[in-house]
Amino acid sequence: MDYEQVLPYIPNLRRYARALVGDRDSADDLVQDTLERAVRKFHLWRPGDLRAWLFSIMHNVFVNQLKARRISPTEEVDENLAAPGNPVSSTDLRDIERALAKLPAEQREVLLLVGLEEMSYEQVSRALGVPMGTVMSRVSRARDKLRRHLDGEPERANLKVVQ
Amino acid sequence: MTTDREQDRLLHERFDPVLLEPVPARLHLQRPAWIGYARAAAVLAAGVAIGLALPRPWPGTPEAPLAAAGAQALPARAARAHLVYAMEVRHPVEVDAAQQEHLVAWLSKRLGTKLKVPVLAEEGFELLGGRLLPGPDGPVAQFMYQEAAGRRLTLYVSAKSKDEGQTAFRYAQEGAVSVFYWIDGNWGYALSGEIDRPALSRISTSVYRQLNP
């Protein structure tokens, strides 16, 4: 395995990281840590889906970063801060950023891998090391929240999904 | 109501521009310390004999596929074509960049595929033009670029031969010529230049991205 094989994926890793953490410098920190770790672990890579492998490394680095900041990846943002009484009149690109930032990290990850990276549920399941059912329910919750935010509906924080 | 499809469209609209941003230097091969470490680690992990880890420009890089494929291999052909034409003062190209539209249409027709010519202005290289060359599996296109300092790069586009599989980026050194090459679908691409490897690697990434938007 050669470092050059990773190069074509750097722009995708950067796009994903930017959407995941928001600001450019933190996003590139995440990419850099991911690449360094990938290089250290090259010998563990077996020919296969290199992209999924890189994204799984990025996921691990990201989770470690969250832990270091003592933020649980499942921690919910205080929904009351979402200013529910202030409907969004027209959807612009800032709104999608704001809406994303309000998702719990684990929902943001799956949504971006599916919506932006266009991975299948199965690929996401492998990249994140979580069961496919979990991926599907996270995507569905993320989409629901995103939709409500973009449509300017108030959050229903206590809504339970019965499966 | 915002549909899933609209959500995805918004995500792409907002974040796809990141794909086209120049990759910052700190994410490139310009950090010899960790790359050196990583390559050393890779060599050790691969269990390569100590003798092979003796100082070479890039220890640990697998160059065996090239040697195995021989003189007809893509990087060898690309490097030879580079050497022959990049040194030409008066006739480096058959059709110059002033007639770019004609050049691309002509070479596309001869190769039987819609060719795209990457723009390398951000890397400091301008298109000089291109030419048609013979290859083992039909016509080959060569595009030539030149930097203000006079250094030249060539992009060699050739039909994939039967015994070549798909490859991601690979690097080969043919004498003084460095070559990055990859095979994508039915086509092989090779970027050659007498340029150091990190710089060529960076430019190759740009070429690759432009050909695979």
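Since every read-out is calculated from the coordinates, none of them should be taken as a lab result. Here the structure is a predicted model, which is why all the values come from computation and not from measurement. Because the Cβ atoms are built from the backbone with ideal geometry, glycine has one as well, and the counts that use them run over all protein chains shown.
Annotations
- Average other protein chain Cβ within 10 Å of Cβ, residues B:1-9: 6
- Centroid-to-centroid separation of region B:192-213 and region B:105-179 [C-alpha atoms, Å]: 11
- Modelled this way, with points 7 Å down the Cα-to-C-beta line, the labels at A:Arg46 and B:Lys116 are 3.4 nm from one another.
- Dipole of region A:1-71, positive direction: furthest Cα of A:Gln65, A:Trp53, A:Phe42, with charges on the beta-carbon: A:Gln65
- Normalising the average separation of contacting C-alpha pairs (under 8 angstrom, six or more residues apart) by the number of residues puts the relative contact order of region B:63-211 at 22 percent.
- Around B:Glu126: net Lys/Arg minus Asp/Glu count, Cβ-Cβ under 14 Å: -2
- Put in line by how crowded their Cβ is, counting other Cβ atoms within 10 Å and starting with the fewest, A:Glu109, B:Glu13 read B:Glu13, A:Glu109.
- Above-threshold pairs, the threshold being 21 Å between Cα atoms, out of B:Lys109/B:Lys160; A:Lys67/A:Lys145; B:Lys114/B:Lys160; A:Lys41/A:Lys102: A:Lys67/A:Lys145; A:Lys41/A:Lys102
- Point-to-point label distance, A:Arg69-B:Glu88, nm (Cα→Cβ direction, 7 Å offset): 5.6
- Restriction of the GluC sites (Glu not before Pro) in region B:88-142 to DSSP coil positions whose beta-carbon has at most 14 other beta-carbons within 10 angstrom yields B:Glu88.
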